[in-house]
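Below: one structure, written as structure tokens.
What follows draws every value from the coordinates through simple rules; no lab data is involved. Keep in mind it's a predicted model, so treat the numbers as computed, not measured. Cβ: placed from backbone, ideal geometry, glycine included. Neighbour counts: every protein chain shown.
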Amino acid sequence: MFYLRIAFVAALVLGAGALNAQVDPGPRSGSPSAGGYYPTLSAAEQALFTQAQGVFKEINSVSGTIPGEESGGLGPTFNGNSCAMCHAQPAVGGSSPGKKSPQNPVPNPQVGLAKLDGATNTVPSFITADGPVREARFITASGQDSAPLDGGVHGLYTIRGRSDATGCNLTQPDFAGELARNNVIFRIPTPLFGLGLVENTPDSTLQTNLAANLTQKAKLGISGRFNTSGNDGTITRFGWKAQNKSLAIFAGEAYNVEQGVSNEVFPNERSAVAGCVFNATPEDATSLTDGSSDANNFAVFMRLTAPSKPSTSTASQINGQGLFGSVGCALCHSLSLTTGKSIFTGMSSVTYRPYSDFALHHMGSNLADGINQGAAGPDEFRTAPLWGVGQRLFFLHDGRTSDLLKAIEAHTSPGSDCVSSQNSLQFKANSDLFHPFSQSYTCGSEANEVIENFNALKTSEKQDILNFLRSL
């Protein structure tokens, strides 16, 4: 009886602690905080946005002749059949849809896509009805630790069996086998709202922002660097690792990789095996009637969308906003940046609040995906912009959690886990011998000290930060 009483008291204490613990409030309800055009656009620019948005929502088939799927070029491999299929939450242009959306609760559309129009695909184990839209990449070419790096996207599905792909026998990758070898990593869709402001932010503005507060950053172990274009040396800023230079490149790559549609930016068909190529390339090309293309319309849509509108107003949210800065989160998730001169009405010299420095930071082994993109190494990621995070359903690059608190805690990584990289070349050019060498060595995550500061807060203060983030 005595032992039962102790157990009962312990349960009461644990229960009381659970009731007082901080909790992610969950995705904000109400109307979407984004999805429309930038509010200062002229009537002509608004019409351009509406046209581009319509193209963004089109559904692709292989032939472009299936009712309801009139845009052509799908496959041979693909992850989705429409841009709006993946970028849907809380409105067209957002992030992954899901069942728990207060705005539009739907199951993961990638599940139903597997058998659409007679396709014979099997749904991979990591694609579930209540999970996020995902793409899959293989870390190495053969699943062995010492094998050459792969890093590329492997389409979830093929057009095999579809009514408009007769004769194609291309099979899906061996996802089960690669999963068993721990060789698969995932990416989820990034939100597209407000990206015209990001594209029009001068490099000098980003460089000045990254160079600010260096003493404070150094004390917390924060450094950061930009990914850059190998062609002109300017800062690249789009994608999970800031690997893409412009919205045009971002759109062209996604159209080719995610839907399998060759286009004027990425003109070569992926997985172009015999029997599975049904269209001339590029499948998406400049129209002879209006001079546009699908990929160009996608870029225009992203360029003219308005950023998400925050709803920060309560005492808790306002206090959380201050704490967000004081613990150090804002040293990477920068509060504001300013655009340069824009060709679009009202988008010049705009100060906006993306909550990102668009720089790369080492996040350590807990988040490392083993993928190199441009200058970004296996544990480096672009600071994810937090505007609109209040209505997102899934977090981190792989969508591993729907809990904002767990996403924050995942930013930590043991200081004993180190990433070492060496690059050595030797070659002769201009009758001279060159032997450039570079080496980098980092341990743990740049966010470790910041997360320690967060964890040292009172429970109510951590709750205030969560409430603030869900107001964005």
Step through the residues of segment 450-455 one at a time and calculate ³J(HN,Hα) from phi using the Karplus curve (6.51 cos²θ - 1.76 cosθ + 1.60, θ = phi - 60°), rounding each to whole Hz and writing x for Gly and Pro.
-> 5, 5, 4, 4, 4, 5
In whole Hz, with x marking every Gly and Pro, tabulate ³J(HN,Hα) for segment 33-42 from phi via Karplus 6.51 cos²θ - 1.76 cosθ + 1.60, θ = phi - 60°.
-> 7, 7, x, x, 7, 4, x, 8, 5, 6
Two-decimal Rg/Rh of segment 198-284 from alpha-carbon positions, Kirkwood Rh?
-> 1.18
Cα extents of segment 257-315 along the principal axes, largest first, in whole Å, come to 63, 29, 14
Each residue of segment 419-425 in turn: what ³J(HN,Hα) in whole Hz from Karplus with 6.51, -1.76, 1.60 and θ = phi - 60°, glycine and Pro shown as x?
-> 10, 10, 9, 10, 9, 10, 10
Ordering of 140-151, 298-309 by packing [mean C-beta count within 10 Å, highest first] | 298-309, 140-151
Cross-link reach from residue 99 to lysines, straight Cα distance under 21 Å and at least 8 residues apart if same chain, gives 57, 115, 406
Which value, to two decimals, describes the C-alpha radius of gyration of segment 376-472 once divided by 2.2 N^0.38 Å?
-> 1.57
Kirkwood Rh and Cα Rg combined as Rg over Rh, evaluated for segment 239-390 | 1.06
If one computes P(r) from the Cα atoms of the chain, what percent of pairs lie at distances over 44 Å?
-> 15 percent
Give the cysteines in the chain for which no other Cys Cβ lies under 4.7 Å away, or write none if there are none.
-> 83, 86, 329, 332
Kindly provide the helix-only [θ] at 222 nm of the chain, computed as the sum of -39,500 (n - 2.57) over DSSP H runs of four or more divided by all residues, to the nearest 500 deg cm²/dmol?
-> -7500 deg cm²/dmol
Can you tell me the Rg and Dmax of segment 145-302, counting just the alpha carbons, in angstroms?
-> 19.8, 63
Expressed as a whole number of Å, what is the distance separating the alpha-carbon centroids of segment 103-128 and segment 222-277?
-> 25 Å
Projected-area mean, segment 386-443, by convex hull of Cα positions, square nanometres = 7.1 nm²
Here the Cα Rg-to-2.2 N^0.38 Å ratio for segment 234-289 is 1.28
